[in-house]
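Input: a single structure, listed below in structure tokens.
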Amino acid sequence: MSAAAAGGASSSCCTAAASSSSSAGSSGVAAGGGAGVAGRLPARVLEHVFSYLDLNNLMRCSLVCWHWNHCLSDENSEVWRCLCARSLSEEALRSDILCNLPTYKGKLKSYQHALSSHDCSRNVYVKKNGFTLHRNPIAQSTDGARGKIGFSEGRHAWEIWWEGPLGTVAVIGVATKRAAMQCQGYVALLGSDDQSWGWNLVDNNLLHNGEVNGNFPQCNNAPKYQIGERIRVILDMDDNTLAFERGFEFLGVAFRGLPKACLFPAVSAVYGNTEVTMVYLGKPLDG
């Protein structure tokens with residue numbers, strides 16, 4: 001049997017075991033120390049089998065039994081490295097795009113949450129690295145994009161930075177699925193309606209429902225954004241707040257009272273050939 005065929009057979013058996021364990025959750029199979037013969041397989045054998053699976057199946061396998069969960073708990077193991085090599089571009093892995101994500105599993109989750117190439121303006125596209133949005137030089141248009149996954153609970157953090165000129169408007173924030181991602185003219189698209197909340201990095205204005213909600217950060221002579229500077233966005237769906245950090249400085253809460261809805265990371269840009277990169281970090285660290 002060829003290696004590819006062996007891999008396919010292994011992955012089928014593995015996902016079948018995960019499915020049967022999930023459906024038999026109430027019987028206590030997953031709660032115990034093992035799931036039959038599969039639960040007693042050596043770690044090296046399991047790692048080889050797991051290396052053929054995708055992220056969703058690996059997450060299911062981690063719920064089968066303690067032994068499988070333990071094998072997958074090392075986020076820098078060969079399993080996660082192999083999946084990274086298959087899923088992420090060489091540019092993303094070799095550049096400093098993911099430098100703040102120390103584990104292979106963290107890099108994979110970030111790719112899963114990256115800006116969407118299907119939920120964006122027709123005037124932008126996501127580059128081959130999977131994380132960077134490029135805006136085409138279209139006159140009199142403002143263009144945006146949402147992340148692939150939205151959040152309705154929990155705390156989440158991601159980084160965004162511009163790799164080209166900002167132009168007159170460059171907005172970062174969050175939006176519901178109903179918020180528009182393209183409009184005519186050069187405007188602050190993100191924050192132009194009641195479905196989005198944004199911070200314009202050009203003039204430091206906070207925007208929502210077509211109105212300016214004050215300056216941010218709230219300090220005298222707040223520094224202007226510098227190209228390449230990473231801004232950390234912190235969405236807390238438990239407290240319904242949106243906050244920002246720059247460098248290692250917490251800038252404060254920008255928006256309170258966010259709705260109990262599914263909110264997506266979002267950006268909007270106006271400058272031709274400018275590029276914006278977003279990297280999901282996971283749960284923010286306290287302190």
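The values are calculated or read from the model by the stated rules, or taken from the named source; none is laboratory data. Computed from a predicted model, the values in this text were never measured in an experiment. Counting neighbours? That spans all protein chains shown, and the Cβs are built from the backbone with ideal geometry, glycine included. Surface accessibility is based on the protein's heavy atoms, side chains included, excluding ligands, DNA and RNA. Shrake-Rupley method; radii C 1.70, N 1.55, O 1.52, S 1.80 Å.
Comparing ALA114, ALA261, ALA145 in a Gaussian network model of the chain (Cα springs below 10 Å), the most mobile by mean-square fluctuation is ALA261.
Taking θ as phi - 60° and the Karplus parameters 6.51, -1.76 and 1.60, the scalar couplings of the stretch 261-276 work out to 9, 7, 10, 10, x, 8, 9, 9, 9, 10, 7, x, 6, 6, 9, 10 Hz in sequence order, x denoting glycine and proline. Of [x] 6, 26, 34, 22, 8, 3, 1, 0; [y] 6, 26, 28, 20, 13, 6, 0, 0; [z] 7, 31, 38, 21, 3, 0, which one was derived for P(r) over Cα pairs in 10 Å bins from 0, in percent from the structure shown? Working out P(r) over Cα pairs in 10 Å bins from 0, in percent from the coordinates points to [y]. Label reach from ARG246 (point 7 Å along Cα→C-beta): in the stretch 131-173, amide nitrogens under 18 Å belong to 158-173.
Once you put a point 7 Å from the Cα of ASN221 and another 7 Å from the Cα of THR103, both along the Cβ direction, what distance in nm separates them? Between ASN221 and THR103, the label points sit 4.4 nm apart.
Among TRP68, TRP199, TRP162, whose mean-square fluctuation peaks in a Gaussian network model of the chain (Cα, cutoff 10 Å)? Result: TRP68 has the largest fluctuation of those listed. Only DSSP H runs of four or more residues enter the estimate; each adds -39500 (n - 2.57), and after division by the residues of the chain the mean residue ellipticity at 222 nm equals -6500 deg cm²/dmol. Our coupling estimate for the stretch 228-242, obtained by passing each phi through the Karplus curve with A = 6.51, B = -1.76, C = 1.60 and θ = phi - 60°, is x, 6, 8, 9, 9, 9, 10, 9, 10, 7, 7, 9, 6, 10, 10 Hz, Gly and Pro reported as x.
Straight-line reach from LYS128: taking Cα to Cα under 14 Å and skipping same-chain neighbours fewer than 8 places apart, the aspartates and glutamates in range are GLU90, GLU91, GLU275.
Going from most exposed to least, what order do PHE216, PHE250 have by accessible area with a 1.4 Å probe? Mind dumping the intermediate values first?
On the way: PHE216 5, PHE250 115 Å².
Largest accessible area first, the residues go PHE250, PHE216.
Here r is the Cβ-Cβ distance between SER95 and ARG122 and R0 is 30 Å; the resulting FRET efficiency, rounded to 0.05, is 0.65. Ranking THR274, ILE231, ASN220 by how far each Cα lies toward the positive end of the dipole of the stretch 213-287 (charges on Cβ) leaves THR274 at the top.
Sequence neighbours fewer than 8 away in the same chain don't count; with that in mind, list the lysines whose C-alpha is under 19 Å from LYS105. Cross-link targets: LYS148, LYS283.
Within the stretch 165-255, all pairs of alpha-carbon atoms sorted by distance into 5 Å bins from zero give the percentages 3, 14, 25, 27, 19, 10, 3, 0.
For the stretch 100-106, 3J(HN,Hα) computed residue by residue from phi via the Karplus equation (6.51, -1.76, 1.60; θ = phi - 60°) reads 8, 10, x, 10, 5, 5, x Hz, glycine and proline entered as x. Legend: calculated FRET efficiency, ARG256 to ARG40, from the Cβ-Cβ distance at R0 = 51 Å, rounded to 0.05, equals 0.45.
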